[in-house]
Amino acid sequence: MLVFLARIWASVVLAMRAVSRNKLRAGLTTLGIMIGVAAVVTVTALASGARESVTAQVSALGSNALMVFPRSARTSGARDSTMGSRLSEQDAKALVRESTSIALAAPFLRSSVVAVYEGQNSLPSVIGTKLDYFAVRNWKPRSGELWTHNAEATGEKVCLIGVETARELFGTEDPIGRRVRIGRFFFQVLGVLEEKGQSPFGQSQDAIVVMPIDTMRSTITRTRPGEVHALMLSATSAETSARAQKQAIEILRFAHRIEEGGEDDFVVRSQAEFQALQQKIFGALTLLLIGIAAVSLVVGGIGVMNIMLVSVAERTREIGIRMAIGAREADILVQFLVESVVLSTIGGVAGTLLGYGAVAGFTTALGWSMRIEASTLALALGTSTTIGVAFGFLPARQAARLDPIQALGRE
Amino acid sequence: MAEPLIELREVSKDYVSEAAIVRALRRVDLVVERGDFVAIIGQSGSGKSTMMNIIGCLDRPSTGRYVLDGIDVTERSNDARAIVRNRLIGFIFQGFNLLARTTALENVELPLVYRGVGGGERRRRALAALEQVGLADRIHHTPNQLSGGQQQRVAIARALVTNPPLLLADEPTGNLDTRTSLEVLELLQRLNRSGITIALVTHEHDIAACAKRLVRMRDGAIQIDVRQEPTDAAAALAALPSREAEEKRA
């Protein structure tokens with residue numbers, strides 16, 4: 001066993017020397033494998049990142065959340081969520097009143113407005129809503145407190161802000177009690193919301209301002225009385241989520257007086273559907289990367305095979321010498337197989353590094369949540385070793401089967 | 001009479017191609033005893049290289065039997081013959097056949113690598129073999145840093161390192177000048193005196209004259225097989241004008 005290991009090690013040293021004699025050739029040969037392995041690393045990081053962000057989102061929003069958007073009936077082309085909107089605060093009330101499976105319904109308006117505090121600017125999403133919204137989304141103030149029912153009813157100019165907005169506007173200063181200008185009016189900051197991180201597609205959920213819906217309607221987004229942009233619902237439990245969706249559709253059809261056979265002028269989306277969409281996007285991306293990985297690994301493998309055939313041809317005489325002085329077929333086979341594995345493993349290591357770089361790039365540039373696991377390294381090296389063995393076998397066997405006399409160039 | 005090391009019994013070798021059958025060896029009988037020094041001569045196409053290939057276990061006879069050191073190797077597998085080559089035969093080639101870009105020491109260690117000898121032992125024995133051929137001070141030189149004679153001496157050290165009973169030399173002086181040829185022959189004669197059996201293929205008569213026995217091949221058969229009084233290569237070397245004298249004359 002020890003002798004066997006010593007021989008393998010000697011072959012590895014030999015192979016590395018052979019490879020290092022032709023650095024440029026080795027580099028070009030391993031390029032395909034490098035790209036393939038990089039794709040493998042990226043795809044696994046993407047998959048584990050997607051899994052993680054979905055889990056995170058479920059725990060953040062709860063699997064029993066539902067959203068209702070308006071949909072302009074019988075219009076084609078671009079849809080504007082505010083045009084032809086027929087969702088209202090009355091709808092929210094009706095949903096809670098008439099459904100057995102909907103616990104809460106929070107209507108909201110949303111916009112994006114510049115916020116200013118002592119010369120510091122920020123462009124947060126502004127949401128005007130009711131207190132139930134915090135319960136549905138499971139948002140809590142990190143410091144300060146929510147507004148009162150009284151403030152909500154009278155439309156006081158108060159708000160809560162996300163941590164990113166707080167950082168942009170106030171830096172290290174405590175924002176609570178300060179007055180920040182949003183649009184043309186000043187609002188008093190009541191509290192700062194807990195950090196929620198990025199959504200799976202990279203929008204920050206912390207660059208946000210939340211205020212009572214009537215306050216927003218009178219100061220930032222003027223609408224017809226009672227009109228809202230969307231509704232955020234929560235089913236009584238995760239199990240009743242599907243039933244809540246069905247009931248919401250019936251109740252809203254009735255409220256909007258849509259006749260039998262008529263098209264809904266709203267859409268009810270469950271959290272599960274959002275997740276499915278997100279999974280679909282990640283799935284397509286994963287498939288694409290797997291495709292790239294497969295193609296470049298095969299091309300890379302053929303490259304390795306090609307260069308190994310050249311190497312065998314170049315070193316025919318060396319093979320003959322080795323055979324004459326006592327190398328068995330297995331010795332020659334192992335020598336060239338190890339060389340091919342060394343070549344492809346070099347590509348694998350370089351590809352792993354490239355993959356790490358790509359993951360780091362995606363994470364910072366696109367804000368995707370991706371994660372490299374320890375098993376990724378094993379996978380990358382395993383893949384490249386397998387390629388080396390699979391595509392190196394044919395040239396190695398060809399070398400091992402050479403006739404020593406012909407290899408030595410004797411008659 | 002000493003016991004035989006090489007026994008060829010009615011050995012024939014035919015090369016079959018589409019065009020014709022070439023009968024390279026025709027029922028050759030040859031017995032070489034331990035400690036002998038045989039020179040095999042003949043023109044190209046006489047079958048001497050074919051016979052060397054068979055004696056060296058690089059090729060199999062078409063018919064007949066070959067016994068080496070008491071082992072019938074006629075029908076052995078490729079791997080078995082590789083082991084026989086490694087254990088019983090040291091090869092010396094015309095073109096030296098050293099591995100390029102590999103130091104003298106590593107070249108000499110190579111047969112021991114295939115025998116599975118450990119690193120320390122390997123190095124010790126390779127150094128001893130290089131010392132035996134007078135190259136102890138060149139062990140880290142690669143072939144292209146060595147002269148032809150030095151390269152051939154590295155090749156001889158490589159052949160000796162496994163302590164084989166048989167050295168096979170195929171035109172060992174073919175690429176060397178007279179003086180270096182005589183130096184190599186002097187080394188071979190010294191090794192032969194220490195008990196190693198040598199079979200040498202050549203087409204030069206003054207090289208063949210250094211052997212104890214002369215075998216002339218012709219048309220795939222042994223034409224002449226005689227014992228002779230060998231020329232002493234050391235004496236011939238001493239009789240040459242000194243290197244300084246040669247340079248002065250030039």
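Every number here is computed from the coordinates shown, using simple stated rules; none is lab data. Not measured: the values here are computed from a predicted model. Here the Cβ is made from the backbone with ideal geometry for all residues, glycine too, and neighbour counts use every protein chain on show.
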Based on Cβ point charges of +1 for Lys and Arg and -1 for Asp and Glu, what charge dipole magnitude is obtained for chain B about its Cα centre, in debye rounded to the nearest 20? 380 debye
How high is the FRET efficiency from A:ARG224 to A:GLU373, r the C-beta distance, R0 41 Å, rounded to 0.05? 0.20
Quick one: grab the alpha carbon gyration tensor of segment B:4-249, order the square roots of its eigenvalues as a ≥ b ≥ c, and give me rounded if a/c is under 1.5, else prolate or oblate depending on whether a/b is larger than b/c. oblate
With charges only on Cβ, +1 for K and R and -1 for D and E, what is the dipole size of chain A about its Cα centre, in debye, rounded to 20? 840 debye
For A:PHE266, the residues 5 or more places away or on another chain with a placed amide H closer than 5 Å to its own amide H are A:ARG71
Using alpha-carbon positions, what is the distance between the centroids of segment B:143-178 and segment A:386-405, in Å? 30 Å
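Run the helix sum for chain A: -39,500 (n - 2.57) per DSSP H stretch of 4+ residues, divided by residue count, reported at 222 nm to the nearest 500 deg cm²/dmol.
Calculated from helices alone, the mean residue ellipticity at 222 nm is -19000 deg cm²/dmol.
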Using the Cβ atoms and a cut-off under 12 Å, what net charge is assigned to the surroundings of B:GLU186, where Lys and Arg are +1 and Asp and Glu are -1? +2
Exposure proxy check: A:LYS23, A:LYS157, A:LYS196, A:LYS130 ranked by fewest other beta carbons within 10 Å? A:LYS23, A:LYS157, A:LYS196, A:LYS130
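Over segment A:72-264, what number does the Rg to Rh ratio reach, with both radii from the alpha-carbon atoms and Rh per Kirkwood?
Computed over Cα atoms, the ratio is 1.00.
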Using only Cα atoms, tell me the angle between helix A:241-255 and the longest principal axis of chain A; keep it within 0 to 90° and round to the nearest 10. 40 degrees
Log entry: pair-distance distribution for the protein assembly as shown, C-alpha pairs binned every 20 Å from zero, whole % per bin is 15, 29, 17, 14, 15, 10, 0
If you fit an axis through the alpha-carbon atoms of helix A:2-20 and take the longest principal axis of the Cα set of chain A, what angle between them do you get, 0 to 90°, nearest 10? 80 degrees
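Determine, for A:GLU152, A:GLU339, the number of other Cβ atoms within 10 Å of each Cβ, and report the residues in order from fewest to most.
On the way: A:GLU152 19, A:GLU339 30.
Lowest to highest Cβ neighbour count: A:GLU152, A:GLU339.
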Taking every residue in B:114-121, how many Cβ atoms of other protein chains lie within 10 Å of its Cβ, on average? 3
Put +1 on the Cβ of every Lys and Arg and -1 on every Asp and Glu Cβ in the protein assembly as shown; which of A:SER20, A:ILE220, A:LEU95 then has its Cα farthest towards the positive end of the dipole? A:ILE220
In the neighbourhood of A:LEU190 defined by beta carbon distances under 14 Å, the net charge of the other residues (Lys, Arg +1; Asp, Glu -1) is +1
Given a cut-off of under 8 Å on Cα pairs at least six residues apart, what relative contact order in percent is computed for chain A? 29 percent
With Cα atoms, 0 to 90° folded angle of helix B:119-132 axis to chain B main axis: 80 degrees
Summing +1 for each Lys or Arg and -1 for each Asp or Glu, what net charge is found among the other residues whose Cβ lies under 12 Å from the Cβ of A:HIS256? -2
For chain B, calculated [θ]222 nm from helices alone, where every DSSP H run of n ≥ 4 adds -39500 (n - 2.57): -11000 deg cm²/dmol
Selection from A:PHE393, A:ILE33, A:ILE290 lying farthest towards where the dipole of chain A points positive, charges on Cβ: A:PHE393
Segment A:172-180 - phi-based ³J(HN,Hα) in whole Hz, Karplus 6.51/-1.76/1.60, Gly and Pro as x: 8, 5, 7, x, 5, x, 6, 10, 10
